[in-house]
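Asker: Have a look at this one.
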Amino acid sequence: MLTSKYEGEEEVKCISPLESTGSFLGEDPAGRFLQVELELNLKLKDLQFQDPVKYVYNPLLYAWDPHERYVQTYCKSKKEVLFLGMNPGPFGMAQTGVPFGEVNHVRDWLCIEGKVYKPELEHPKRPIRGFQCPTSEVSGARFWGFFKSLCGRPEHFFQHCFVHNHCPLIFMNQSGKNLTPTDLPKEQRDKLLNVCDEALCQVVRTLGVKKVIGVGRFSEQRAKKALAVEGLEVEVKGIMHPSPRNPQANKGWNSVVKAQLQELGVLSLLTG
């Protein structure tokens, strides 16, 4: 069971997605997509992580409610383009269950909300406050802010595109520092990425994706490897990551990415 207990509230219990059979899911793209994620959750549960990892959050468990709403709302049909992130950010998907899910854009533009519970083991410096999180994630604000300015309405973006993360887990060390999958020791990293690769291939098949666009070099390279191993003839390209740690992104990410999407032949899908 997942539990949620905030100041002034009684403890609330809900059924964890790991406890669900998935029988409530339909055979439409959204239902099949969510089924892939339920199966991925079961496989991730069996993985063990050691130093330097001390805390592991899985928003596909404690933030399943808004995540499911995101998928059910915007993944009703097959998609031509899949934008692929690496893994959740501490103030984005970790809080809202939506990839690049900066709170304001998820709530006010995507119009997605929902109950967010707590991970089983929570770092005191990295609390999960859900849609009450006061910190804006720069990467998420840049990502969704760009597509908001480009598409106007979210329905225009999601008519041909969807956004997904290769890995749904967020990792932290003892001090609360965010760790990416590349920071994990090789044996742990390989087991994790192989499981996520398999799920990615299932997602691509489920959605009928013709082009995967990695947001950042890691996602692009991982998608190329995973899809090649499975023999899936899907084009894989990349765009610059919007992270503030990337000096180039801080100099005008919107204009760079717009030019990249134009070159990839995707811009017309978003502005037409």
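The values are calculated or read from the model by the stated rules, or taken from the named source; none is laboratory data. Given the structure is predicted, the values throughout are model-derived calculations rather than measurements. Cβ: placed from backbone, ideal geometry, glycine included. Neighbour counts: every protein chain shown. Each accessible area value is taken on the protein alone, full model and side chains, heavy atoms only, with ligands, DNA and RNA left out. Shrake-Rupley method; radii C 1.70, N 1.55, O 1.52, S 1.80 Å.
Asker: Go through the range 63-74 and report how many residues are open to solvent by less than 10 Å² (accessible area, probe 1.4 Å) and touching a Ser or Thr at 6+ places or on another chain (Cβ under 9 Å).
Answerer: 4
Asker: State whether one or more residues within the range 148-163 are under 18 Å from the mean Cα position of the chain (by Cα) and under 24 Å from Pro119 (Cα atoms).
Answerer: The answer is yes, given that some residue of the range 148-163 is under 18 Å from the mean Cα position of the chain (by Cα) and under 24 Å from Pro119 (Cα atoms).
Asker: Restricting the search to the range 126-137, which residues are small (Gly, Ala, Ser) and either open to solvent by 20 Å² or more (accessible area, probe 1.4 Å) or free of Cβ contacts under 8 Å to residues at least 24 places away in the same chain (or both)?
Answerer: Passing the criteria: only Ser136.
Asker: While we're on this one: Take Gly140 and decide whether it is in contact (Cβ under 8 Å) with a residue 12 or more places away in the chain, open to solvent by less than 20 Å² (accessible area, probe 1.4 Å) and part of a loop (DSSP other than H, G, I, E, B). Quick ask: steps written out before the conclusion?
Answerer: On the way: in contact (Cβ under 8 Å) with a residue 12 or more places away in the chain: yes; open to solvent by less than 20 Å² (accessible area, probe 1.4 Å): yes; part of a loop (DSSP other than H, G, I, E, B): no.
Here the answer is no, as Gly140 does not meet what is asked.
Asker: On to the next question. Checking Phe158 against (1) over 27 Å from Val256 (Cβ atoms); (2) surrounded by fewer than 21 Cβ atoms within 10 Å (Cβ to Cβ); (3) aromatic (Phe, Trp, Tyr), only one condition comes out false. Which one?
Answerer: The failed condition is (1).
Asker: Then there is this: Going through the range 90-146 one residue at a time, which ones are of a type in the set (S, T, N, Q) and touching a Ser or Thr at 6+ places or on another chain (Cβ under 6 Å)? Explain how you work it out, then say what you get.
Answerer: Of the residues in the range 90-146, the ones of a type in the set (S, T, N, Q) are 95-96, 104, 132, 135-136, 139.
Of everything in the range 90-146, just one residue is of a type in the set (S, T, N, Q) and touching a Ser or Thr at 6+ places or on another chain (Cβ under 6 Å), namely Ser139.
Asker: Output yes when any residue across the range 253-269 is open to solvent by 30 Å² or more (accessible area, probe 1.4 Å), under 23 Å from Pro59 (Cα atoms) and not small (Gly, Ala, Ser), and no when none is.
Answerer: The answer is no; no qualifying residue exists.
Asker: With out of contact with any Ser or Thr (no Cβ under 8 Å at 6 or more places or on another chain), of a type in the set (Val, Ile, Thr) and more than 26 Å from Arg32 (Cα to Cα) as the only criterion, which of Thr206, Thr180 stands out? Full working, then the answer.
Answerer: On the way: Thr206 fails: more than 26 Å from Arg32 (Cα to Cα).
From the options Thr206, Thr180, the qualifying one is Thr180.
Asker: Could I ask something else about it? Mind checking which residues of the range 88-104 are surrounded by fewer than 24 Cβ atoms within 10 Å (Cβ to Cβ) and within 14 Å of the chain's Cα centre (by Cα)?
Answerer: Taking the range 88-104 and keeping what is surrounded by fewer than 24 Cβ atoms within 10 Å (Cβ to Cβ), we get 89-91, 104.
Of everything in the range 88-104, those that are surrounded by fewer than 24 Cβ atoms within 10 Å (Cβ to Cβ) and within 14 Å of the chain's Cα centre (by Cα) turn out to be Gly89, Pro90, Phe91.
Asker: Could you please find all residues in the range 90-140 being among the aromatic types (Phe, Trp, Tyr) and under 20 Å from Met172 (Cβ atoms)? Break it down stepwise before answering.
Answerer: Taking the range 90-140 and keeping what is among the aromatic types (Phe, Trp, Tyr), we get 91, 100, 109, 117, 131.
Phe91, Phe100, Tyr117, listed by residue number.
Asker: Hey, among Leu34, Leu60, which residue is of a type outside the set (Asp, Glu) and in contact (Cβ under 8 Å) with a residue 40 or more places away in the chain?
Answerer: Numbers: Leu34 fails: in contact (Cβ under 8 Å) with a residue 40 or more places away in the chain.
Going through Leu34, Leu60 in turn, just one is of a type outside the set (Asp, Glu) and in contact (Cβ under 8 Å) with a residue 40 or more places away in the chain: Leu60.
Asker: Could you pull out the residue among Arg205, Arg189 that is open to solvent by less than 70 Å² (accessible area, probe 1.4 Å) and among the charged types (D, E, K, R)?
Answerer: Criteria check complete, one pass: Arg189.
Asker: Can you tell me how many residues within the range 105-125 are in contact with a Phe, Trp or Tyr (Cβ under 7 Å, 6 or more places away or on another chain) and surrounded by fewer than 20 Cβ atoms within 10 Å (Cβ to Cβ)?
Answerer: The number of residues fulfilling the criteria is 6.
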